[in-house]
Amino acid sequence: MKGADDKVLYVGKAANIRTRVRSYFQNSSNHSPRTRELVRKIVDIDWIIQSSDLESLLLEYNLINRYKPKYNVRWKDDKGYPYIKVHWGDRYPKVTVTRKSMDNSGHRYFGPYTNIWAVHQSLSLLRKIFPYLTCDRVITGNDDRACLYWDIKLCNAPCIGNTSEEDYRLMIDDLCSFLQGRTESVVKRLRNEMRSASKQQRYETAAELRDQLQAIDKVVAKQQVIGTHKTDMDVISLARKKNDACVQVFFVRLGKLIGRDYYLLEGTADENNASILSTFVKQFYHVSTFIPTEILLPEQITDSPTIEKWLSSLHSKSKTKLVVPQRGAKHKLILMATENASTTLDAVRSQWHLDTQKQEAALAELKSSLKLPKTPNRIECFDISHTQGEQITGSMVVFHQGTPDKSHYRRFTIRTINGPDDYASMKEVLVRRFRRLLSHQETKRTQPKSTESFAKAPDLLLVDGGKGHLSIALNVLQEFGLASTISVAAISKQKEELHLPQQKLSVKLNARSSGMFLVQRIRDEAHRFALQHHRRLRGKSSITSQLESIPGIGPKRRKSLLRHFGSLEQIRKASLAELIGVNGMTTQSAQSVKDELLYTRANKS
């Protein structure tokens, strides 16, 4: 269902499309306010015929994930949940955290998780048990010395030949088993190795294995045993308060509760529990790295047979069943998950309410202290970043009602300025920004999505700098006839004070006030966003310069390599055959790339 400008409002599936669509437009239908709002906005309907329920289910997910329709149930903040990534395709696999979706490169993924801090805490603990690599060295085993991590026992130092490739990969495989909750086989093997080392009088090795086992025991001791059957299952339950919904998932592996996580949903206002749970199951297991044999639910969900069929197709060993327990230990697990979901939702809602109060207080303080004509509900902040006048970039960040609206952030690559001229760079950025605003207002039509962030004027314009930057901003606003409608201020970096037009003395907010905290947060976010873009451009420039220095690699081949591999690191990892397979490459040019990049990498190490 589409609204104005072909914007997708809702995606659904039905065995009978005619009946399903007609139900939305019958006068006798007792629709909820949310559905009535949807119907009012519909201007067009598209449909796709699929040959089976399973194909429809997969297509429905892909379309919702692609368009993120306002009236579908979906995860909050689903721009990318973190995964633990084990680079199993490398000779000596590293362990990293990524928000990128899983690929087919042979690496192993675990997740998704919702708490990035908890992920890093877990890896910090696991690294003490399984000391994996974190550096970018080319591992030959012939390095003269190891890094500091070897000294503090957070790395096995394969770089100096302290451990073989086989032993290192076995340790990483143990770590993967640990992340899956399969600790018994790891413990059994380590115990046998410890006893064997002790019998052979290799006491230092035996002591290291003993310490590793004790560390594992401390972690495993915290895992609750919830059944005598060593089964894998997920326990899913739901809590709702007004228009908010929280799903709690308990992860049970081999009969032990190894962890839990919660997921917040939006678009649930007029949906029933069965529909919400069905949508969550489809979304969650599309991105999950593990499919259990059993999924416990508090009630029967829609499309249950189709979902079971789809989940079973993902499970390589056995079928997956959706179970709604009515009594016994499994029913108690559902009740426990429901209680946890309710408690979590209450805590989150309380935090939202507290945050809203703080944001309202901060905005009210800014309005009062800066004597603004209205509450600055939309604040835009601009910053410039460069290195001695090279790779000059600008940033625009947007805060709506005191919170960042990242979908409206925009980056600028400075086009007309050469050398370190912050004032001229700031002027170019502001001119381009407000030219887009006036263009949008003059056309009086819906603009492409890329211009949505420029469609609204800010209530308060902040620039990072002093009186000079303020003067530049004020001149640009006057040039576009906006000085009377948009308030402007500059925040200095050293004294943390605000400069206002036609006011000699600066305004200094209370250092501990919510208003000052908000201004600092906005300024820091603009600086971070500009610096991030600058580093990316500088990195691309560095990659280009390194490739330019390789004999036989001209602009066309350089462009082909970057388009094919995406980064210098991936080019470095590519085999000779893969390099030869790139459009325009020959055996000789591929060998030049391989030799040059490996040589520069070795020198850096």
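Laboratory data are not the source of any read-out in this text; all were calculated from the coordinates shown. Predicted, not measured: the structure shown is a model, and the values here were computed from it. Backbone-built Cβ (ideal geometry, glycine too); neighbour counts: all protein chains shown.
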If the chain between THR96 and GLN121 were fully extended at 0.36 nm per residue, the gain over the current Cα-Cα distance would be 7.7 nm
To the nearest 0.05, what FRET efficiency results for TRP88 and GLU299 with a Förster distance of 35 Å applied to their C-beta separation?
0.35
Dipole in debye (nearest 20) - region 233-347, about Cα centre, beta carbon charges: Lys, Arg +1; Asp, Glu -1:
560 debye
The set of residues whose placed amide H lies less than 5 Å from the amide H of LEU254, leaving out same-chain residues fewer than 5 positions away, is THR231, ASP232, MET233
To the nearest 20 Debye, how big is the dipole of region 83-224 about its Cα centre, given +1 on the beta carbon of each Lys and Arg and -1 on that of each Asp and Glu?
440 debye
Given Cβ charges of +1 for Lys and Arg and -1 for Asp and Glu, the option among GLN121, CYS381, ILE84 whose Cα lies farthest towards the positive end of the dipole of the chain is CYS381
Suppose each label sits 7 Å from its Cα in the direction of the beta carbon; what would the SER313-GLN26 distance come out to in nanometres?
3.2 nm
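Fully extended, how many nm does the chain gain between GLU479 and LEU154 (0.36 nm per residue separation, minus their Cα-Cα distance)?
This chain segment gains 111.1 nm when fully extended.
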In this structure, the FRET efficiency calculated for ALA577 and ASP44 from their beta-carbon separation, with R0 = 35 Å, to the nearest 0.05, is 0.10
Peptide ranges 243-254, 148-159 listed from the most packed, as the mean C-beta count within 10 angstrom indicates:
243-254, 148-159
Label GLU497 and SER275 with points 7 Å out from Cα along Cα→Cβ: what is the distance between them in nm?
5.8 nm
Could you give the length gained by full extension between GLN214 and ARG349, i.e. 0.36 nm per residue of separation minus their alpha carbon distance, to one decimal place?
44.6 nm
What nm distance separates the two modelled labels at GLU55 and ARG195, each placed 7 Å from Cα along Cα→Cβ?
5.7 nm
Just one of [x] 24.6, 75; [y] 28.8, 87; [z] 27.9, 97 is Rg and Dmax of the Cα atoms in Å calculated from these coordinates, so which is it?
[y]
Based on DSSP, what percent of beta bridges with both residues in the chain are antiparallel, to the nearest 5?
75 percent
In region 1-36, which trypsin sites (Lys or Arg not before Pro) fall in coil by DSSP and have 11 or fewer other Cβ atoms within 10 Å?
none
Taking other Cβ within 10 Å of each residue's Cβ, how do MET585, MET102, MET233 sort, fewest first?
MET102, MET585, MET233
Quickly estimate the mean residue ellipticity at 222 nm for the chain, helices only: each DSSP H run with n ≥ 4 gives -39500 (n - 2.57), and the total goes over all residues, rounded to 500.
-15000 deg cm²/dmol
Share antiparallel - DSSP beta bridges, region 233-347, percent rounded to 5
75 percent
Mean Cβ neighbour count within 10 Å, used as a protection proxy, ranking 203-213, 166-176 highest first
166-176, 203-213
